[in-house]
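Structure, as structure tokens:
Taken together, the values in this text are just the output of simple stated rules run on the coordinates, not laboratory data. Bear in mind that the values here come from a model prediction, so they are computed numbers and not experimental data. Neighbour counts run over all protein chains shown; Cβ positions are idealised from the backbone, glycine included.
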Amino acid sequence: MSSLLPQGCNKIRAIYQGAEAVIDLCEWMSMRVVVKTRVAKGYRVRELDESIRRSRTVREASLLSSAKKAGVNTPFIYHVNPMEGWIIMSYIEGESLRSLQGSNVFPRFIRVLGEMVGRLHSAGIVHGDLTSANVIVSNGVLTIIDFGLGEYSNEVEKKAEDMYTFLSSLRALLGYEKLKEAFLEGYRSSAGESADRVEARLREIEKRGRYVEKELRRRIG
């Protein structure tokens, strides 16, 4: 597969380059867009590698579209090429939610995000890498990005793990308990009947996490 950008895309700058994907800001059809290209893995058999990248590209595009249908702001998809492993999507100009930590508006945005995650889970979508870095704030509106590790699932465990991942990213912040409650309030408002079961499983996962941390400290000490 080619590592070149899609035809007609002029690269402005690199946004991110990781082991799984390269993300570039480009100009395409007189618009600023984001191009996400999955990276070829030389250690895999070529046919297998192409199949994996193709299926993951299709899945991410599908998740982005399904999330939008569920009422969650996500980038708009302009074009997908599974064979080349890239997606062209709208560029959301703004700042990451993480950059607003400690601001007066941060708790309110956390509650809004909780409601958005509840909508995702109600639609059977698990994000898979839910952190404040994967949420863009633009003119007061939140957009969730990067569904590369996402999947369709109605498993309570996976939904709770989604929430645990996000809440863990906030744990070191001042006022964590209030932020957590704001997130859960938003989640309850949109997650439907499964909210109680997901929260109960979240508490179980938190207990397991604390036990592991305690054991690690004991062994290190």
Rg to Rh, two decimals, where region 105-158 supplies the alpha carbon set and Rh follows Kirkwood: 0.97
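Quickly estimate the mean residue ellipticity at 222 nm for the chain, helices only: each DSSP H run with n ≥ 4 gives -39500 (n - 2.57), and the total goes over all residues, rounded to 500. Spell out each step's value before the answer.
Values: 5 runs with 97 residues, N = 221.
It comes out at -15000 deg cm²/dmol, rounded to the nearest 500.
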Candidates E151, E185, E204: whichever shows maximal mean-square fluctuation once the chain is modelled as a Gaussian network with Cα springs under 10 Å: E204
All-pairs Cα distance distribution in the chain, expressed in whole percent, bin size 5 Å: 1, 7, 13, 17, 17, 15, 13, 9, 6, 2, 0, 0
Inter-centroid distance (Cα atoms) of region 168-197 relative to region 41-68, Å: 31
Within a Gaussian network of the chain (alpha carbon springs, distance under 10 Å), most fluctuating of K158, K11, K68: K11
Amide H within-cut-off set for S153, under 5 Å, with H built and near neighbours excluded: I125, V126
Other-chain or far-sequence residues with amide H under 5 Å of I15's (modelled H): I23, D24, L25
Placed amide H near H79: partners under 5 Å, 5+ positions off or other chain: I88
Degrees between helix 195-220 axis and first principal axis of the chain (Cα, 0 to 90, nearest 10): 90
Karplus-derived HN-Hα couplings along region 34-46 (A = 6.51, B = -1.76, C = 1.60, θ = phi - 60°), whole Hz, x at Gly and Pro: 10, 10, 9, 10, 6, 7, 5, 9, x, 7, 9, 4, 4
Extreme residue, positive dipole direction of the chain, given options I88, V33, V112 (C-beta unit charges): V112
Whole-Hz ³J(HN,Hα) from phi, Karplus 6.51 cos²θ - 1.76 cosθ + 1.60, for region 13-23, glycine and proline x: 6, 7, 9, 7, 9, x, 6, 9, 7, 10, 10
Largest-first principal axis extents, alpha carbons of region 102-211, Å: 34, 29, 25
Cβ-placed point charges (K, R +1; D, E -1), dipole of region 28-183 about Cα centre in debye, nearest 20: 160
Pairs from K69/K207; K41/K207; K69/K158; K36/K159; K11/K158; K11/K69 whose Cα-Cα separation, in the structure shown, is over 32 Å: K69/K207; K41/K207; K11/K158
